[in-house]
Structures are given as structure tokens and as C-alpha cells.
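Peer 1: One structure follows; several queries about it will come next.
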Amino acid sequence: MNLMPEPRIIITAGEPAGIGPDIIASIDPARFEADLTVIGDRNMLQSRAAALGSNIEFTEYTDVPVPGKTIAVIDLPLEQPSVPGQLDCANAQYVLTLLEHACKACLKNQFDAMVTAPVQKEIINRAGISFSGHTEYLADICNAPKPVMLLVAEKLKVALVTTHLPLRQVADAINDLGFLHYQGGLGLPANPQKALTFFERAADLRHPQAQFNFAALIDDGLIPNKDPEDAAQYLYAALRSGSSDVLKLLSERPTMFTDQTRKALQAKLKDNDFYQGSIDGDFGPGTQRGIRRAYGLDG
């Protein structure tokens, strides 16, 4: 009977001053139905294992699987001795070389998969090397133009829409993605229906431009199960965000919205004590004062 060979997995040791070597030193190879190989500084790994009281043994890598409490190591020496918890720019290139060697070994079918221990981006960038993360670095080695980070659990898979963005920029990026899908661009075919889902996400993340545009789409009848009250709510939220563009458009071009949406916005302004006039859809002086007050001006 021919048994399927165990998958060959290469593990990068990551930042030598970080938690990666400790995690590797705590591995029990017998618990894995795989042939594990580590790439890193073998002496450093053995020293960390001894400090943790681990009886694991790191041996030199060969093509032959190793038994028991032993893990094979592709020995790649540090540039400078490492002290746990003390980052050193001198070892930044070492960290990236681990990733490069492991990735290329997988591309050559020497291994079936790679696992990466954590790295510290800031110390790599402080060493003068531009580095935003594993995803982009490995994608560049693999010549993959559109890398996607995928988080996988037993019954759930999640792909990230954005990576390495400050939270305040996420809504901007999602709104831009909506325009790319709406118009087509950067290799994406035009898909207005898909674009609407991105516009709604950006609007719900309080992106003023997206809120205004999504209100206009609702007003045009392009969004199922949304009505003038919903459009008015997005317009009101965009106005309250302090967007001067929204203030200008509502002040100068209110008739770009239907009478029903204008009335709903007047009602929203009245509910919040910014307007005391009639709900008639006419954006006269009273409504204009209410709009400016909602924006944050005295009126």
C-alpha cells in the first residue's frame, strides 16, 4: 500500500528578539502530521529552547525526515547576536532573507507550505529597508500583482479589503474601490451593482463623499429597500461631518434631489432643532440657515 507522504512545511524563525523563536522552541513535532523544517539561526534557536527548559533538539537540515523531539534547521546565521526583547537593526536583513529563502524553496517544490513567525516592521524600516508586511513582500517574490490576505478558520474564510491602512483611511479606500468597480479600472471590469455595495460600506463608515453619493443613488431609485428618509439620513450625516463640499452642494444645488428627499431632509433638520419652518421641499432662506447650522455655522 502506498501511503501519501507527509506535507513538508518550512517555518521562518521571524524577528530573533521576538516571540517567534520561543514558539518554535516550544513545538512538539510529534503532534504534527507533517515534516517540519525551520529556517533561522540554529545556535540562537537552541539557546532559546534551553532558556525555556525545552528538550527539543535542532539538527542540521537534510532531505531525510528527522525523528522524535528533533526539528531540522536550515542554518542561517544572525548578523549580530540577539537578546530577547531588544530589537537590532543589524538583523533586519536576516529576517527578510529567511522569508526570501523559504518562499523560493516553496516555489521550487522543496516544501509544500511555509509558516512565518512574527516580524517587527518598524525595525526593518528603521534599517532603511522599505517593508509593509509579509503579504506584499512574498507577493513581490512570487510576481503576484494582486495579493490578498485570507484568514481561514474551520468554517469561515475572510479576505481583507484593505491592508496596512490607518483606520481613518479605510472608508476612503473602500469608496475608491467602489468607483473602480463602477467605472472599471486597474484591470477591473465595470460592475455598477458590485460598486453599490462598496459605496454603502463606505457611507456606513461615515465617509462624507460616500454618504452624499449613496444618498443620490437612493434618490435615483437605484438602491432597493431604501427610501427618501434613508437618503435624508445619509445627507444629514454627511452635513454633520463638517464636509464643505456637501454644504456647498446642498446650498447651491438642492434640486439635484427629489422633492421627497428634500422634505425628508427638512424633517431631519427640524427633528434636531436646526430648522423651524414648513416641510415643503423648498430650500429657501430658512432651510439654508438650518443647513448651515447643522454644518456648524451660526446661520
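Taken together, the values in this text are just the output of simple stated rules run on the coordinates, not laboratory data. Every value quoted in this text rests on a predicted model; they were computed, and no experiment measured them. Glycine gets a Cβ as well: all are built from the backbone with ideal geometry, and neighbour counts include every protein chain shown.
Peer 1: Taking the Cα atoms only, what angle lies between the long axis of helix 167-183 and the longest principal axis of the chain, rounded to 10 degrees?
Peer 2: Its long axis makes an angle of about 70 degrees.
Peer 1: Would you mind counting up the charge near T255? Only other residues with Cβ under 12 Å from its Cβ, with Lys and Arg at +1 and Asp and Glu at -1.
Peer 2: Residues close to T255 contribute a combined charge of -2.
Peer 1: Please work out the FRET efficiency for the pair T258 and D176, using the Cβ-Cβ distance as r and a Förster radius of 22 Å; give the result to the nearest 0.05. Can you show the working numbers first?
Peer 2: Values: r = 28 Å, r/R0 = 1.25.
That pair, T258 with D176, gives E of 0.20.
Peer 1: Hey, which lysines would be in cross-link range of K69, C-alpha to C-alpha under 29 Å, not counting anything within fewer than 8 residues on its own chain?
Peer 2: K104, K108
Peer 1: Oh, and also: Report, to the nearest 10°, how far helix 192-204 tilts away from the longest principal axis of the Cα atoms in the chain, using its own Cα long axis and a range of 0 to 90°.
Peer 2: So the helix axis and the longest Cα principal axis differ by about 90 degrees.
Peer 1: By its C-alpha gyration tensor, with a ≥ b ≥ c as the square roots of the eigenvalues, how is the range 227-299 shaped: rounded for a/c under 1.5, else prolate for a/b larger than b/c, else oblate? Show your work: numbers first, answer last.
Peer 2: Working: a/c = 1.30, a/b = 1.14, b/c = 1.14.
Rounded, since a/c falls under 1.5.
Peer 1: Here is a follow-up. Select one label from (1) 44, 32, 16; (2) 45, 23, 20; (3) 58, 21, 16: the one whose number is semi-axes √(5λ) of the Cα gyration tensor in Å as derived from the coordinates shown.
Peer 2: Recomputing semi-axes √(5λ) of the Cα gyration tensor in Å here picks out (3).
Peer 1: Between E6 and K108, what is the FRET efficiency for a Förster distance of 25 Å, r being their Cβ-Cβ separation, to the nearest 0.05?
Peer 2: 0.85
Peer 1: Also, quick follow-up: What is the helix-to-structure angle for 92-107, meaning the angle in degrees between its Cα long axis and the longest Cα principal axis of the chain, kept from 0 to 90 and rounded to the nearest 10?
Peer 2: Approximately 80 degrees, to the nearest ten.
Peer 1: A follow-up question, please. If a/c stays under 1.5 just call it rounded; otherwise compare a/b with b/c (prolate if a/b is bigger, oblate if not). Do that for the range 1-141, with a ≥ b ≥ c from the square roots of the Cα gyration tensor eigenvalues.
Peer 2: oblate
Peer 1: Further question on the same structure: Kindly provide the helix-only [θ] at 222 nm of the chain, computed as the sum of -39,500 (n - 2.57) over DSSP H runs of four or more divided by all residues, to the nearest 500 deg cm²/dmol?
Peer 2: -14000 deg cm²/dmol
Peer 1: Could you give the distance between the Cα centres of the range 237-254 and the range 130-155, to the whole Å?
Peer 2: About 39 Å separates the Cα centre of the range 237-254 from the one of the range 130-155.
Peer 1: A further question on this structure: Beta carbons within 10 angstrom, averaged per residue: use that to sort the peptides 201-212, 263-274, 216-227, highest first.
Peer 2: Working: 201-212: 21.8, 263-274: 19.2, 216-227: 15.5.
Peptide ranking by packing, descending: 201-212, 263-274, 216-227.
Peer 1: Give the separation of the Cα centroids, the range 158-188 to the range 200-234, in Å.
Peer 2: 18
Peer 1: What number, in percent, do you get for the relative contact order of the range 8-159 if the mean sequence gap of Cα pairs under 8 Å and at least 6 apart is divided by its residue count?
Peer 2: Reported as a whole number, the value is 27 percent.
Peer 1: List residues of the range 162-181, by number, whose backbone nitrogen lies under 17 Å from a label position 7 Å along Cα→C-beta of K121.
Peer 2: 162-174
Peer 1: If you don't mind, there's one more thing I want to ask. Computed FRET efficiency, Cβ-Cβ of E60 and I19, R0 22 Å: what is it to the nearest 0.05? Show your work: numbers first, answer last.
Peer 2: On the way: r = 25 Å, r/R0 = 1.12.
The formula returns an efficiency of 0.35 here.
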